[in-house]
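Single-structure report; data block below.
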Amino acid sequence: MNAELTLYDYWRIVNRRKWVALLIFSVTVFSTMFYTRLQPTVYRSQAKIKIKPPTSYSKITGSVAEEFDPWSAVATELMVITSSEISERAAAKLGLPSGGGSAAEISGSYKVERLTDSNMISISAYNSNPVRAADIVLAVVDAYRDFDLEQKSLQARKTLADISARKDE
């Protein structure tokens, strides 16, 4: 007796069970469509920012910025952008009440990542309202810009004080 199945044998097996196969296929397709329709639409808004080292500080001998590593600076700025400080500032820019709840809501609605082999950072916000997603990204970028400006101004004042102290010496 020949134990090998031929192509005709396979066709007979499929043809005998075609209604079961069609039923399973239909149930799978319709349940997937139903599940997909129930899912809320989520919009993404994205902004990219470039991290640039402060060149004026690195020219001063003995300054801390002399050993500046651009790759570690990007990693540091990633941590700054995801910090609660930036989330609180972004929540304030959006007009949300101050406190942990609104900052946590903002913090959970955006994601920050470094673009591969560059000093660029991508900030993406997700929301069911496209305008709200764009507002969150803009608020985070503005909050980060203001924070960064404050930090650079503080560093500039410190550098100026150091220069003045050296001049007096």
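The values are calculated or read from the model by the stated rules, or taken from the named source; none is laboratory data. None of these values were measured; they are calculated from a predicted model. Cβ coordinates were reconstructed from backbone atoms using ideal geometry, including for glycine residues, and neighbour counts include every protein chain displayed. Accessible surface is based on the protein model in full, side chains and every heavy atom, while ligands, DNA and RNA are left aside. Shrake-Rupley method; radii C 1.70, N 1.55, O 1.52, S 1.80 Å.
Between beta-carbons, use under 12 Å as the cut-off and find the net charge around A90, counting Lys and Arg +1, Asp and Glu -1.
Value of the local net charge: -3.
Using Cα atoms only, what is the angle between the long axis of helix 130-168 and the major principal axis of the chain, expressed in degrees (0 to 90) to the nearest 10? Around 30 degrees separate the two axes.
From most to least packed by mean Cβ count within 10 Å, the peptides 140-152, 156-168 give 140-152, 156-168.
From most to least packed by mean Cβ count within 10 Å, the peptides 8-21, 72-85 give 72-85, 8-21. What the phi angles of the range 41-51 give under the Karplus curve with 6.51, -1.76 and 1.60, with θ = phi - 60°, is a coupling list of 6, 10, 9, 10, 10, 9, 9, 10, 10, 9, 9 Hz, glycine and proline written as x. Per residue, the chain exposes 73 Å² of solvent-accessible protein surface, assessed with a 1.4 angstrom probe and all protein chains in place.
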